[in-house]
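I have placed the structure first, in the form of structure tokens, so that the comments after it can refer back to it.
The values are calculated or read from the model by the stated rules, or taken from the named source; none is laboratory data. Just so it is clear, the model here is predicted, and its values are computed rather than measured. Cβ sites come from the backbone with ideal geometry, for glycine too, and all protein chains shown count toward neighbours.
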Amino acid sequence: MKRIGILIMALTIVSVMSWRCAKENMQSSSSSSTTTLKSALNQNITTLSTAVTAIKNDQGYKVLTLNGNTGLKAGTLSVDSVAYKVNIFLSLIKGVYDYNPAPALHPFNGAPIRFFTKTADSSLMIVRMPTAILQRPESMKHQQPRDTTYKNNFVITVSDYTYSWNDWFNYNYNIKSSVTIDSVAAGNLGIVSYGDNTGYNYTSSYQFANGYLVSYHAASGDTMVTSYDISQGGTTLYEEKTLTLKSNFNLRHRENEYILTIGNVTIDRKTTLDSALVYVGGVLQTNAKVSIIDKVADPTASICKKRDIQITFADGTTTTVSQLAGTLIPTISTIFSSMSSVYFATGIVDWIAVDILNNKF
């Protein structure tokens, strides 16, 4: 009997110790989860900051963010320009074209192609011009004497090209090109865009010489998708995606899901849920709370939406995306807006292509 009592007591002690260990492990796990989310965010922001700084210091950034004030997205035309049929392929525009203004041009001719001369044959389309002129695209709208100090140090090499328009809204646009400045690689641009009277699909990407890739995608339909992405070696460093659904009531699109990814941290808000969810490496962080703060009056709240994101950790501490990445937001915003309107494609390559079609060369 005494032995049985001792055995029961021993089992009781073991059970209590096991319960305490399990409780401590649960508390440790909760703390670890919180620490993991915090450390993941901080580390991912540091990695993103390195990427954004490297992109901004790359020569390709200066090229990509040029603004010719065309008001057009690469792969589109103004409404009054699409009522005709045209099909331009690389085989029709191949050759080497050098910036070489004629001695006398019409003083108000706004077509940049008037400033180029075909100087050689090639299986590719190669456009050579001074970087100084490209950085001042408005200067190509009016006649000016040629500055002999300028060298044609900016080179666009087009290896694939399609510019096809049939009637209204039916188009197919594709360009693959590389850019060099002073004979040094500055990146590769790719655009695929097509559409008809039912909708459109647009994707652009720019691969920087330092290995970073930025991309933009937009597609219409009953579900409209817009996404912006910065990656390296196939790993997403930053992505902002919005999905909107067409309402059967008024046929307008309303946001259905918003997804922000920073490294391995993903914040997902669905309109069907009461609050946003946050994941680290695909694992839901149940001890964290995320609130999307829409700020209509503040256009700098985030990248493609006027909002900020507040994250409350299990220990009660709070931060926001603007606090974490505030200094990066203006540059990221500039990158993404440039990806939807690539001037050196629309303002230079496309103009020359159209002029070739019109037998100017």
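Numbers below:
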| quantity | calculated |
| --- | --- |
| Single residue of segment 307-326 satisfying the filter (small (G, A, S) and in a helix (DSSP H, G or I)) that is nearest to the chain's Cα centre (by Cα) | A325 |
| Residue ID - modelled with the highest pLDDT, chosen from residues in segment 327-347 that are closer than 19 Å to G60 by Cα and either basic (K, R) or outside any helix (DSSP H, G or I) (or both) | L328 |
| Filter result for the condition that a residue is modelled with pLDDT of 60 or more and of a type in the set (G, A, S), over A74, A104, A132, A83 | A132 |
| Per-region count, segment 255-293, residues without any contact (Cβ under 8 Å) to a residue 12 or more places away in the chain, among the charged types (D, E, K, R) and in a strand (DSSP E or B) | 1 |
| Candidate set: segment 226-250, residues that are of a type in the set (A, V, I, L, M, F, W, C) and modelled with pLDDT under 90; chosen: the one nearest to the chain's Cα centre (by Cα) | L243 |
| Failed condition for A218, given (1) under 22 Å from V349 (Cα atoms); (2) out of contact with any Leu (no Cβ under 6 Å at 6 or more places or on another chain); (3) part of a strand (DSSP E or B) | (1) |
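Condition check ((1) modelled with pLDDT under 90; (2) within 30 Å of F89 (Cβ to Cβ)) across all residues:
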| residue | (1), (2) |
| --- | --- |
| D268 | no, no |
| L277 | no, no |
| R307 | yes, no |
| V349 | yes, yes |
| A353 | yes, yes |
